[in-house]
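Since the structure comes first, as structure tokens, the remarks are kept for the end.
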Amino acid sequence: MNGFELIERSSLSPDDGWKLMRIYEAGNRETAEELYPDMDADEGLKKVERDFLDYLDSDFFSESENYYQILSYKGEWVSAVRLYGLGGGLYYLEALETKGEARQHGFAVKLLDMVTEKLKKRGPFRLCDCVHKENVPSIETHLKAGFHIAGDGYDCLRNETKDWEYGFEYEWKEMK
């Protein structure tokens with residue numbers, strides 16, 4: 001199947017959790033520098049990763065409609081995204097990330113394409129996301145994957161609008 005596999009997880013084994021953290025390593029390092037500037041870089045990274053995995057276990061996966069979508073290429077996890085199921089065919093996408101050395105190869109677009117194809121099999125849906133207006137690579141990724149800019153970033157999880165973000169939507173209605 002051309003080396004690509006879409007992996008869906010509604011929980012993570014410890015091994016899978018650490019595989020997922022390799023995808024988020026660059027962002028987690030930045031977060032560690034911001035939150036723990038006085039801590040050793042590797043120690044800060046480990047703390048951020050533990051907190052991330054704790055959030056997934058205690059909060060994210062506690063909701064039955066939430067799951068991770070992970071793109072594997074030739075057996076290696078290269079890109080991932082959280083998907084919150086909000087009911088009625090509405091989903092909120094968050095934390096789209098590609099492993100540092102795998103960037104600029106189209107993996108995030110491929111992941112979003114595979115996620116939307118999978119959702120189409122479930123019926124009509126609307127998929128929303130927010131992207132910082134200065135995050136040009138993510139904006140381009142969303143547009144290539146068929147999303148459109150719907151206005152300023154409305155975060156339907158937190159019920160707030162952020163004028164420094166774009167709200168993206170991908171909507172699919174079944175053909176009758």
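Here are the numbers for the structure shown:
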{"quantity": "Number of the condition not met by residue 74 [criteria: (1) in contact (Cβ under 8 Å) with a residue 40 or more places away in the chain; (2) surrounded by 12 or more Cβ atoms within 10 Å (Cβ to Cβ)]", "calculated": "(2)"}
{"quantity": "Complete set of residues in region 88-113 that are hydrophobic (A, V, I, L, M, F, W, C) and either touching a strand residue (DSSP E or B) at 6+ places or on another chain (Cβ under 6 Å) or not in a helix (DSSP H, G or I) (or both)", "calculated": "90, 93, 95, 96, 102, 107, 108, 111"}
{"quantity": "The lone exception for residue 27 - which of (1) at pLDDT below 95; (2) in a loop (DSSP other than H, G, I, E, B) it fails", "calculated": "(2)"}
{"quantity": "Matching residues in region 37-71 - criterion: being assigned to a loop (DSSP other than H, G, I, E, B), touching a residue at least 12 places away in the same chain (Cβ under 8 Å) and not polar (S, T, N, Q)", "calculated": "63, 65"}
{"quantity": "Filtered residues of region 1-36 (kept if of a type outside the set (A, V, I, L, M, F, W, C) and without any contact (Cβ under 8 Å) to a residue 24 or more places away in the chain)", "calculated": "2, 13, 14, 15, 16, 29, 30, 31, 33, 34, 36"}
{"quantity": "Residue tally, condition surrounded by fewer than 16 Cβ atoms within 10 Å (Cβ to Cβ), assigned to a strand (DSSP E or B) and over 16 Å from the mean Cα position of the chain (by Cα), over region 120-164", "calculated": "9"}
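The values are calculated or read from the model by the stated rules, or taken from the named source; none is laboratory data. Source: prediction; values computed, not measured. So basically every Cβ, Gly included, is an ideal-geometry build from the backbone, and we count neighbours across all protein chains shown.
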